[in-house]
Structure formats: C-alpha cells, structure tokens
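Quick note: the coordinates plus some simple rules give every number you see, no bench work behind them. Computed from a predicted model, the values in this text were never measured in an experiment. All Cβ positions, glycine included, derive from the backbone under ideal geometry; neighbour counts span all protein chains shown.
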Amino acid sequence: MQQELKIIIQLISDAFGLSKFSVDNNNQATDWKAVLQTARQHKVIPMLYTACLNNRSSIPTRVLTAMERMVIKSSKFNLLQKRELQELILLFQKNNIRLIPYKGVILAEAVYDDLSRRDFTDIDLIIKADDYDKMEELLLERGYGYEVNFPRWFGTIYKYFNHERNFDIYVSGYRHFHVEPHWTLGSKSYQTHLDYDDIKLLSKPSDNSHALKLKPEGLLITTALHHSATAYECLKYVNDITAILLKYEDVLDWKEIKEYCIRYDVLNLVLVGVALAMRIYNIKCNEDITHLVHQHITDRQIDFCMKCINAQRPKGAKLYLRRLQFQLITRRRGITKFKILYHTVLSYIAYRPLYYLFAKPTVAERKIIYKSA
C-alpha cells in the first residue's frame with residue numbers, strides 16, 4: 001500500500017475513534033501534497049480534515065489551511081443540495097410521486113451526523129417506474145435539463161439497459177444540481193436491479209407521506225450495493241460502510257440483512273464491504289457478523305478490492321472489465337453469474353452501438369435559469 005494512503009487511513013481511523021494517529025508517521029518525510037492529492041482521489045478530504053484538526057500539532061499549517069478551504073466550499077455546496085432535496089420532496093409529494101431518497105444528504109446526516117463530513121455531488125432518488133414520466137415532466141418544468149439527450153423512441157431501450165436517467169441544472173455555465181432518479185437501484189448487467197417495491201421492504205414511513213426513510217439495514221444494503229458496482233475502488237466507499245457499522249452496530253438486524261440479501265443473491269456484495277472495513281480499519285464486529293464474513297468471503301475477493309483501492313483507476317474498457325471481474329468472483333449463484341455475462345454481452349452488442357449513435361451529451365457550457373420552488 002502506498003505511504004500516502006497509509007497515512008490517510010491512520011488519520012481517518014483516528015477520526016472514527018478507532019485508533020490514535022501516530023506522530024511518527026508525520027514530520028519532514030511526509031509528502032503532504034501527495035497526501036492531499038490521494039485524499040482528493042479517494043474523496044475523503046472532509047474526514048481527513050476532521051482527523052487533522054484532532055492532531056493539529058502534528059499537521060503543517062499550510063495543509064490544514066488548504067483542506068479548510070476545500071471543506072468550506074464543499075459544505076456550502078452540501079447545504080444547497082440538502083435544500084434542493086427538501087424542495088424536490090415537497091414538489092413530488094404534491095404530485096403523488098412515491099420515492100425513497102438515499103446516499104448523499106441522507107447518508108451524511110443519518111450516518112456521519114454532519115453534512116460537512118462527507119462529499120457528495122448529486123441527489124439520488126429511488127422511484128416507482130410508473131412515476132418516472134411525471135417526475136421527468138416536473139424536473140424539466142423546474143429548469144432541469146437532460147444530461148444526455150436522445151430521440152423519444154430510444155427511451156424504452158434506454159430504460160431496459162439502464163437504471164437511472166440524470167438531470168442537471170446549470171447556472172452561468174456551471175453545474176449547480178445533479179439529480180438521479182433510479183427506477184432500479186442498480187443495473188441488470190450487475191443483477192442489482194432492485195426496484196422501489198424491493199427497497200420499500202428496507203424502509204419505514206417518514207414525515208413526508210410519499211417519501212420513505214431507509215432503516216439502518218436499508219442504509220447498509222443500498223450503500224453497499226451502490227459501491228460494489230465499482231468494486232469498492234474508492235476509500236470513501238469503505239468509509240461509508242465503516243460509518244454505518246459503527247453508528248448502528250447495536251441495532252442492525254443481521255438476520256433480516258442475511259435473509260434479504262440471499263433472496264436477491266447480493267449477500268457477498270454487502271459482506272465484501274464489511275470485510276474491507278474490518279481489514280482497513282480493524283473494526284471489531286460481533287462474533288455472528290465475523291463468522292458470516294469468514295463463511296462467505298474469501299481472501300481473493302478482499303485482495304481484489306484492496307488492489308483496486310491501491311491502484312490508479314483505469315480508463316475505458318479496462319475499468320469495465322475490472323468491475324465485471326469483481327462481480328463474477330463475488331457472486332454466489334451460477335445463474336446470477338450467467339445473467340451478468342448475458343446482460344453485459346447484450347448491452348455491448350445491442351445497446352451501446354445505438355447509444356453512441358443516437359445519444360448526445362448536453363453541452364456543459366449551456367446556461368439554464370434555475371427556477372426555485
């Protein structure tokens with residue numbers, strides 16, 4: 001593991017209250033510019049800043065100042081995201097649209113207890129597929145535009161091969177908000193296409209009659225399934241799993257988690273995240289969880305993810321092949337692996353040529369007037 005990543009992990013472990021940062025790893029030998037660069041790559045600047053504040057006597061002032069600027073900027077952005085999510089929930093509630101917000105604002109507040117401690121750049125919503133057209137209409141009326149445009153006839157094909165469509169608001173040429181309505185949590189290619197009714201089983205009523213709130217079990221499963229699509233290649237993703245385990249260790253119903261995940265053959269995707277938290281941050285789980293991880297997860301699977309975390313992110317086909325390999329070595333059932341290969345090959349043969357031919361990315365320099373609700 002590269003030295004910069006080791007320092008980041010030690011500092012974040014301190015922020016989680018799991019261990020004390022060792023000053024011996026600091027001083028003149030540390031390349032703090034490389035540490036910050038690595039932290040930005042892994043999207044963990046907020047947690048790193050929290051840890052550095054706890055050890056300010058050991059951290060160069062210039063490093064703290066640089067991180068402070070980044071955290072202040074991201075905190076302001078996060079507050080705007082929270083306000084927009086609240087307004088969208090009210091808007092959709094008035095129009096009887098059912099939804100379950102997850103990740104982003106929800107994870108920062110429910111797990112980290114502080115919007116400033118987690119970076120996020122979008123608003124994720126799980127919706128009923130039947131409500132998508134109405135939601136699309138409302139987003140367009142509000143001032144959002146499609147991230148990618150394509151002919152209307154292509155919409156049915158797009159929905160079959162994808163699990164979300166992204167909408168943006170640009171102000172003065174800069175992306176202001178990015179909303180991702182999901183009709184399924186993940187894609188058919190990875191066999192994580194759980195829909196609203198599936199996720200509803202992991203939710204409970206909230207103050208908003210048409211927006212459900214994820215239970216702790218739902219937070220863990222949805223977060224793990226989202227991050228597993230990348231083979232947990234970013235330290236931020238392991239941090240999320242770690243934070244959930246630490247926050248809800250006494251209330252998580254592992255019997256419910258196991259039964260739910262076995263039903264959809266996603267148990268190993270969740271347990272790999274738990275295993276990574278145990279290895280990287282040495283968190284202590286109870287005997288039942290530890291036994292469950294050792295029973296289902298192999299060193300090969302964990303080592304594969306550790307290699308992804310340590311390595312530079314590849315581009316193009318190499319990235320997709322790496323993520324596909326992770327799915328194939330992690331899933332339990334042969335029929336699931338067959339479906340993953342089938343839908344992946346089908347996507348590359350039947351869908352992607354049409355997508356590249358007809359889908360046109362929106363020009364980033366466009367200017368859209370934001371209509372506040």
What is the spin-label model distance, in nm, from Phe338 to Lys76 if the labels are put 7 Å beyond Cα along the C-beta direction? 5.6 nm
In the range 3-361, what percentage of the DSSP-assigned beta bridges are antiparallel, given to the nearest 5? 80 percent
Going from the fewest other Cβ atoms within 10 Å to the most, one would list Leu115, Leu185, Leu18 as Leu18, Leu115, Leu185
Diffing the range 139-155: the Karplus 3J(HN,Hα) column from phi (6.51, -1.76, 1.60, θ = phi - 60°), in whole Hz with x for Gly and Pro, holds 5, 5, 5, 6, x, 6, x, 5, 5, 10, 9, 7, x, 4, 5, 7, x
Ranking Tyr264, Tyr237, Tyr232 by Cβ neighbours within 10 Å, fewest first, what do you get? Tyr264, Tyr237, Tyr232
Of the candidates Ala110, Ala224, Ala311, which one comes out as most mobile in a Gaussian network treatment of the chain with C-alpha springs shorter than 10 Å? Ala311
Among Lys103/Lys247; Lys103/Lys134; Lys188/Lys360, the pairs whose Cα-Cα distance exceeds 19 Å are Lys103/Lys134; Lys188/Lys360
Any aspartates and glutamates whose Cα falls less than 15 Å from that of Lys6, other than same-chain ones fewer than 8 residues away, would be Asp14, Asp24, Asp31
Enumerate the aspartates and glutamates that Lys20 could reach by cross-link, defined here as Cα to Cα under 18 Å, with residues fewer than 8 away along the same chain left out. Glu4
Which peptide among 283-291, 6-14 comes first, and what is the full order, when sorted by highest mean count of other Cβ atoms within 10 Å? 6-14, 283-291
Per residue Cα convex hull volume in Å³ - calculated over the range 158-205: 101 Å³
Amide H contacts under 5 Å for Lys213, restricted to residues at least 5 apart in sequence or on another chain and with H modeled in the peptide plane, are Lys204, Ser206
Could you work out [θ]222 nm for the chain from helices alone, using -39500 (n - 2.57) per DSSP H run of at least four and dividing by all its residues? Round to the nearest 500 deg cm²/dmol. -17000 deg cm²/dmol
Once you charge only the Cβ atoms, +1 for Lys and Arg and -1 for Asp and Glu, what is the size of the charge dipole of the range 3-361 about its Cα centre, to the nearest 20 debye? 980 debye
Which of Lys73/Lys284; Lys43/Lys76; Lys236/Lys315; Lys73/Lys204 exceed 26 Å between C-alpha atoms? The answer is Lys73/Lys284; Lys73/Lys204
Given that compact globular proteins tend to follow 2.2 N^0.38 Å, what is the ratio of the alpha-carbon Rg of the chain to that value? 1.00
Exposure proxy ranking, count of Cβ atoms within 10 Å, fewest first, for Glu217, Glu259: Glu259, Glu217
